[in-house]
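Novice: If you scroll down you'll find the structure; I have some questions about it.
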Amino acid sequence: MFSAAPAIVPAPPRWQALLATAAHLALYGLMVVLPLIGWLMLSAAGKPIPFFAWELPPLLAPNRSLAEILEDVHEAVASVGYALIGVHAAAALFHHYVVRDNTLRRMLPGMGGALR
């Protein structure tokens, strides 16, 4: 069902591959860190923590000043995330239209990275 990602053709320079790996790790990190900060923030604010049909338990005792700090951190990290998402999308378009490699096409199902 799953297979390794097809190779990028032509292969990107090493610095681009390292930067892409760092960006992907940062995006995955944001998917974990932002919800946790939000959970901590709502806990410190003494608010309910909804999770689909359930309510999660608070991780912290109510503390208004800590809730405000966590809210600022949450917003700052989210802003960095938005910028990273924009850079990531721009890099994919750069590879597709300027470098003309198969970076974008290899993400599509059934394409296998084929150049057309």
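Novice: Subtract the Cα-Cα distance of Glu75 and Gln16 from 0.36 nm times their separation in residues, and report this length gain in nm to one decimal.
Specialist: 18.4 nm
Novice: Moving on to the next point. Put a dot 7 Å past each Cα toward the Cβ at Leu108 and Phe94; how far apart are the dots in nm?
Specialist: Reported label-point gap for Phe94 and Leu108 is 2.2 nm.
Novice: Can you tell me the relative contact order of segment 1-113? Whole percent, Cα pairs under 8 Å, sequence separation 6 or more.
Specialist: Relative contact order for segment 1-113 comes out at 28 percent.
Novice: Something else about it: Please state the equivalent ellipsoid semi-axes for the chain: what are the square roots of 5 times the Cα gyration tensor eigenvalues, largest first, in whole Å?
Specialist: 39, 16, 10
Novice: If each DSSP helix of 4+ residues adds -39,500 (n - 2.57) and the sum is divided by the residues in the chain, what number results at 222 nm, nearest 500 deg cm²/dmol?
Specialist: -19500 deg cm²/dmol
Novice: If R0 is 25 Å, what FRET efficiency do you get for Phe52 and Tyr28 from their C-beta distance, rounded to 0.05?
Specialist: Result of the calculation: an efficiency of 0.70.
Novice: Working from Cα positions, state the angle (0 to 90°, nearest 10) between the long axis of helix 14-44 and the longest principal axis of the chain.
Specialist: For 14-44 against the chain, the angle is about 20 degrees.
Novice: Per residue, how much accessible surface does the chain expose to a 1.4 Å probe? Answer in Å², no decimals.
Specialist: Here the per-residue accessible area is 73 Å².
Novice: Given 0.36 nm per residue, what is the gain on full extension from Leu66 to Val87 after removing their alpha carbon distance, in nm?
Specialist: Full extension of this stretch gives 4.4 nm more.
Novice: Once neighbouring chains are kept in place and the probe is 1.4 Å, which whole percent of the accessible area of segment 1-71 is contributed by carbon and sulfur?
Specialist: It is 74 percent, rounded to a whole number.
The values are calculated or read from the model by the stated rules, or taken from the named source; none is laboratory data. Small disclaimer: the values here were computed from a predicted structure and weren't measured. With ideal geometry, Cβ positions are generated from the backbone for all residues, glycine too; neighbour counts draw on all protein chains shown. These area figures cover heavy atoms from the full protein model, side chains too; ligands, DNA and RNA do not enter into them. Shrake-Rupley method; radii C 1.70, N 1.55, O 1.52, S 1.80 Å.
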